[in-house]
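Throughout, read-outs are computed from the coordinates displayed, never taken from laboratory work. Fair warning: this is a prediction, and the values are worked out from it, not measured in the lab. Glycine also receives a Cβ, built like all others from the backbone with ideal geometry; neighbour counts cover every protein chain displayed.
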Amino acid sequence: MTTFYNCNFFDGTTDHNTENAWFTVDDHTGRITARGTGTPTSADQQVDFHGQYVMPGFFNVHTHITAGPDTPDGSYGHTEAESAVFATQNLHQLLQSGVTYIRQCGTEYDVDIALKRMQQDGKLPHTPHMMTSGKAFSMTGGHGDSPHGGHAVDSPDEMRKAVRTAFKNGAESIKVMATGGVMTPNDFMEDPQLSVAEMHVAVEEAHHKRRIVAAHAEGNPGIQNAIDAGVDSIEHGFYVNEQEAHQMVAQGTYLTPTLIAEWAAAKDGIGVLPAWEIKKAEDALDDTYVNLSRAFQIGVKFTCGTDAGTPFNGFDKTPEEFEMLTKIGMTPAQAYQCSSINSAKLLGVADDYGTLEVGKFADFQVLKADPVADVHAVVQADKQVYVGGHREF
């Protein structure tokens with residue numbers, strides 16, 4: 001047993017810290033066994049945090065670990081072996097930034113599935129927990145249709161077989177493309193792509209296996225199509241309207257806004273990215289804040305995801321997403337709960353991960369400043385990061 005003490009403790013369930021706190025972790029299981037304030041109970045060893053701030057590790061439920069944020073098209077364009085090496089480096093960077101759990105939303109060569117097997121065998125240290133997706137699903141010629149990064153399907157039957165094959169190969173979740181996107185030159189956010197019938201088949205097959213489906217859906221009518229198909233989360237959702245927000249609340253559909261991705265492309269891409277791509281991002285940004293603010297007020301549950309790997313959107317930027325969430329009306333604590341509560345529930349792992357409660361895994365970060373008072377505190381570069389009570393960075 002290890003007891004960590006003398007810290008300000010934010011467990012992810014409330015809007016405040018617990019001062020002069022301690023918590024004990026079982027070194028074998030990695031789970032929190034007890035917590036309290038004042039003088040800690042005895043333990044095999046103790047760690048003094050000297051009044052620093054402890055909070056849960058972050059979830060990032062929209063990542064692309066084989067993508068390259070330092071390339072104009074967001075792709076390394078390398079072989080499967082090279083993609084695996086870069087993906088491993090990106091996983092390390094995610095963890096170092098405080099992200100302890102990710103969901104993949106489309107990966108070249110199904111690299112995430114191979115890396116997950118290595119992780120389970122103890123051969124991939126210093127990486128966050130990972131829910132795999134393998135390649136994403138798009139229509140022929142649609143957003144995400146690429147030789148190594150996507151399944152092209154053009155009917156419900158093709159979707160059914162492709163999804164079943166993906167699960168056979170080790171995918172743990174499904175990503176479908178309901179609309180065009182910022183990074184595709186021959187389509188737009190408002191272009192519908194996969195049909196309701198095609199996406200519904202993906203949902204049906206996934207739910208048979210108690211798995212979830214994420215839909216890339218930036219504009220309409222694609223957002224509406226994805227909601228009608230019954231997907232579990234809308235990714236991006238920049239043009240979500242009032243009617244759709246109410247339907248999402250009724251159906252329990254989550255929204256992953258990936259604000260940092262849109263902002264980074266518009267701000268840092270000038271002179272590097274194609275003019276048409278910059279224009280798409282710029283045109284959407286102002287509308288995004290209005291639409292998402294309304295959705296939040298209506299009661300849509302937001303998750304934390306960044307689309308990490310898209311241009312200028314590095315794997316260290318998850319902490320910056322929280323400041324953007326406050327711009328749509330959230331308090332810092334509400335922004336963090338998009339990660340600690342909503343993201344964990346979306347992924348179906350809330351019984352074990354997300355918040356720092358007794359019985360859950362001790363995945364946490366240690367900060368010098370108070371994150372509840374100021375979202376900038378979580379951007380700290382030299383933070384301590386623990387997984388299962390063991391320090392990784």
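Numbers for the structure displayed
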| item | result |
| --- | --- |
| Helical contribution to [θ] at 222 nm, DSSP H n ≥ 4, -39,500 (n - 2.57), averaged over the chain, rounded to 500 | -9500 deg cm²/dmol |
| Rounded to 5, percent antiparallel among DSSP beta bridges of the chain | 40 percent |
| Normalised contact order of the chain, rounded percent, pairs of Cα under 8 Å and 6 or more residues apart | 20 percent |
| Table column - 3J(HN,Hα) (Hz), the stretch 150-165, Karplus curve with 6.51, -1.76, 1.60, x for Gly and Pro | x, 9, 8, 10, 9, 6, x, 5, 5, 5, 4, 5, 5, 5, 4, 5 |
| In degrees, nearest ten, helix 259-268 long axis to first principal axis of the chain (Cα) | 70 degrees |
| Sites Gln243 and Ala381 - FRET efficiency at Förster radius 41 Å, r taken between beta-carbons, to 0.05 | 0.45 |
| For peptides 222-233, 372-383, 140-151, sequence by mean Cβ density within 10 Å, most packed first | 222-233, 140-151, 372-383 |
| Selected from Phe238, Val203, Gly38, residue furthest toward positive end of dipole (the chain; charges at beta carbon) | Gly38 |
| Label zone at Asp287 (point 7 Å along Cα-to-Cβ), backbone N below 11 Å, the stretch 200-241 | 218-221, 238-241 |
| Spacing of the two label points (7 Å from each Cα toward its C-beta) at Met1 and Asn20, in nm | 2.1 nm |
| Net dipole in debye of the chain [+1 Lys, Arg Cβ; -1 Asp, Glu Cβ; about Cα centre; nearest 20] | 900 debye |
| Shape of the stretch 58-347, Cα gyration tensor, a/c cut at 1.5 | rounded |
